[in-house]
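This report refers to the structure that appears directly beneath it.
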Amino acid sequence: MKQNMALAKHNLLSVAAAVMNVPAEVFTTPPPVDPRPPKSEEEKQFRSQVDAILDKGWSSVDGFQTSQEEMDDIDKQMGTDNIHLPSTYGEITFLGSRQLFHYMKLTEDDASGKSQPYTFMDLGCGGGKLLVQSYLELKSVDRIIGIELSNDRYQVAKKAWNKVNKEAKQLRTETMGANDASLEISKGDLYKIDISSATHIYVASLCFTEEMMERLARKIVNEGENLKCMATLKAFPEEYEDHLGKPSIQYLEMSWTQYKGTGSRVYFYNV
């Protein structure tokens, strides 16, 4: 019911935007929809088990509580234009993660017949929740890597994974019937990590400066030799489309859009 009301509101506002000859997103974005809802009671139960493990590993404030001193240090290291602050924090939701996996073609059906092991990488992984959800839900992924500059958030990620890894492994290998996957979390600068093995990369770049996006684009072009798909909350400079292709755009649920029933724009580059 709630989903239908959100869709009706979106359609109405889209018509209003068309009448005013402005882009629909001036008023609205498509409401987030689960692209692969559970089809059986068994799938519903598995989804509930995943959510329960994630809820056990993190409190509602984990990752969001970072000292001002550390935030200032992050902004200083990454560079800020006083409008975009790289230290700003938000997370992709459980639903948003499932949308992400679908559009990156990481779900089981999409990944059938793959010719190489998949490595999923989160550049700026925050509290690490997306890493663990990918471990729990993606049979196609053999290796999961996250890097985070904030020590506070890195510690949250390590603590949460240590807390749930036994249950997570059991759910992945016994309930889902998948081979185990490695999950690596490190503290450091995303521009210095080796991305050569990554097949799929996500970066929550909404608050990155233009200079940061330029640096990241160069890194992807020069080092992403096995990359299949790159998802970013901010588009790369257009001159890199010769190498990365023109992105498709989807709207995924994030922590800052969840209670509005809307999504945040995400750019998908299929390399």
Sparse-neighbour loop sites [GluC sites (Glu not before Pro); the range 155-256; at most 12 other C-beta within 10 Å; DSSP]: E225
Cα centroids of the range 168-201 and the range 118-164: how far apart, whole angstrom? 7 Å
Whole-number percent relative contact order across the range 121-182, with pairs defined as alpha carbons under 8 Å at least 6 apart: 40 percent
With no solvent term and unit scatterers on the alpha-carbon positions of the range 41-270, Debye gives log₁₀ I(q)/I(0) at q = 0.12, 0.16 Å⁻¹ of -0.63, -1.18
For the range 166-271, what does the alpha-carbon gyration tensor say about shape, rounded, prolate or oblate, given a ≥ b ≥ c as the root eigenvalues, a/c under 1.5 as rounded, and a/b over b/c as prolate? oblate
Quickly work out the K187-to-K114 label distance, labels modelled 7 Å from Cα along the C-beta direction, and quote it in nm with one decimal. 3.0 nm
At R0 = 30 Å the Cβ-Cβ FRET efficiency linking D194 and Q155, nearest 0.05, sits at 0.85
Cross-link partners of K44 among lysines (Cα-Cα below 27 Å; sequence separation of 8 or more within a chain): K2, K56, K105, K114, K129, K139, K163, K166, K169, K260
Below 8 Å between Cα atoms, with a sequence gap of 6+, how large is the relative contact order for the range 41-270 in percent? 21 percent
Label the range 138-195 by shape, choosing from rounded, prolate and oblate, from the square roots a ≥ b ≥ c of the eigenvalues of the Cα gyration tensor; if a/c is under 1.5 it is rounded, and otherwise prolate applies when a/b is larger than b/c, oblate when it is not. oblate
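Only the coordinates and a few stated rules stand behind these numbers; no lab work does. Just so we're clear, the structure is a prediction, and the values are computed from it rather than from any experiment. A quick note on method: Cβ atoms are made from the backbone with ideal geometry, for glycine too, and the neighbour counts reach across all protein chains shown.
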